[in-house]
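Inspection log for the structure reproduced underneath, given as structure tokens.
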Amino acid sequence: MVFAHDTQHSLVDAARLVNTAEVEPDGLASVAELDTLVAEFGLTGSRTHSDEELQAVRSLRLVLKEAWSAPEDRAVVMVNKILADAGAIPQLIKHDQWDYHLHATSPDAPLDVRIAVEVAMALVDVIREKQLDRLRTCAADDCSAVLVDLSKNRSKLFCDTGNCANRTHVAAYRARKSAAAS
């Protein structure tokens, strides 16, 4: 395991959230889609189920995408700002199927703040462990989705939003075949 279970979970969920903006149509276009995402992520705490909440989470995607590819010093500034703006106070919490893990906001904080702080706490671990290179953008030429490489050999190149790996490998195969035939 590269990171603690809650860090891994937060990073994977953050990538999924960011990548909802990378698909057509937008994967986070309605409150119902946000409800589904929140349920899949297992997020707890209060919800307003409003368009304002949806727009706040949608806006968060841009911040997280920037943090994903930021150099270390910029990522630190971004993480510190998220934590300071939220008044984050990390505490160990156990709930549902999860053993002890960190929460740094109250359950009644706005959803976008809870998500931002959860991801910021995960990025704290990534930065401290000097593992920012595990946060990547998909290697496919026509894709800008993000991914987190949790593999032991740091070999993950393609996102999980579609079939980028297959499409890229098929194109390379066809190019080799075409070159060999010429």
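Of the residues making up the range 97-123, those that are touching a strand residue (DSSP E or B) at 6+ places or on another chain (Cβ under 6 Å) and within 22 Å of VAL76 (Cα to Cα) are HIS103, MET121.
The condition of being of a type outside the set (D, E, K, R), within 18 Å of CYS159 (Cβ to Cβ) and touching a Ser or Thr at 6+ places or on another chain (Cβ under 9 Å) holds for only one of GLY45, GLY27, that being GLY27.
Right, ALA29: at pLDDT 95 or above and either of a type in the set (A, V, I, L, M) or in contact with a strand residue (DSSP E or B) (Cβ under 6 Å, 6 or more places away or on another chain) (or both) or not? Here the answer is yes, as ALA29 does meet what is asked.
Across the range 13-24, the number of residues qualifying as open to solvent by 20 Å² or more (accessible area, probe 1.4 Å) and under 13 Å from the mean Cα position of the chain (by Cα) comes to 3.
Just to check your reading of the model, which residue among PRO110, PRO90 is at pLDDT 95 or above and farther than 15 Å from ALA67 by Cα?
Details: PRO90 fails: at pLDDT 95 or above.
Just a single option satisfies the conditions, and that option is PRO110.
Looking only at the range 124-143, decide whether some residue is of a type in the set (A, V, I, L, M), modelled with pLDDT of 90 or more, touching a Ser or Thr at 6+ places or on another chain (Cβ under 8 Å) and in a loop (DSSP other than H, G, I, E, B). Spell out the reasoning first.
Of the range 124-143, the ones of a type in the set (A, V, I, L, M) are 124, 126-127, 132, 135, 139-140.
Then keep just the ones that are modelled with pLDDT of 90 or more; that gives 124, 126-127, 132, 135, 139-140.
From the residues that got through so far, the ones that are touching a Ser or Thr at 6+ places or on another chain (Cβ under 8 Å) too are 126, 135, 139-140.
Narrowing the set further to residues that are in a loop (DSSP other than H, G, I, E, B) leaves 139-140.
Yes: the range 124-143 contains one or more residues that are of a type in the set (A, V, I, L, M), modelled with pLDDT of 90 or more, touching a Ser or Thr at 6+ places or on another chain (Cβ under 8 Å) and in a loop (DSSP other than H, G, I, E, B).
Here's the yes/no breakdown for (1) closer than 21 Å to ARG61 by Cβ; (2) of a type outside the set (Asp, Glu):
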{"position": "LYS81", "(1), (2)": "yes, yes"}
{"position": "GLY87", "(1), (2)": "no, yes"}
{"position": "VAL117", "(1), (2)": "yes, yes"}
{"position": "ASP141", "(1), (2)": "no, no"}
{"position": "VAL146", "(1), (2)": "yes, yes"}
{"position": "CYS159", "(1), (2)": "yes, yes"}
{"position": "ALA172", "(1), (2)": "no, yes"}
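Within the range 150-181, the residues that satisfy the criterion of being surrounded by fewer than 12 Cβ atoms within 10 Å (Cβ to Cβ) and of a type in the set (D, E, K, R) are LYS152, ARG174, ARG176, LYS177.
Does ALA122 meet the test of being within 21 Å of LEU34 (Cβ to Cβ) and either surrounded by 21 or more Cβ atoms within 10 Å (Cβ to Cβ) or in contact with a Cys (Cβ under 7 Å, 6 or more places away or on another chain) (or both)? Here the answer is yes, as ALA122 does meet what is asked.
The values are calculated or read from the model by the stated rules, or taken from the named source; none is laboratory data. Quantities reported herein were computed from a predicted structural model and do not represent experimental measurements. Cβ coordinates were reconstructed from backbone atoms using ideal geometry, including for glycine residues, and neighbour counts include every protein chain displayed. Protein only, heavy atoms only, side chains kept; ligands, DNA and RNA dropped before computing areas. Shrake-Rupley method; radii C 1.70, N 1.55, O 1.52, S 1.80 Å.
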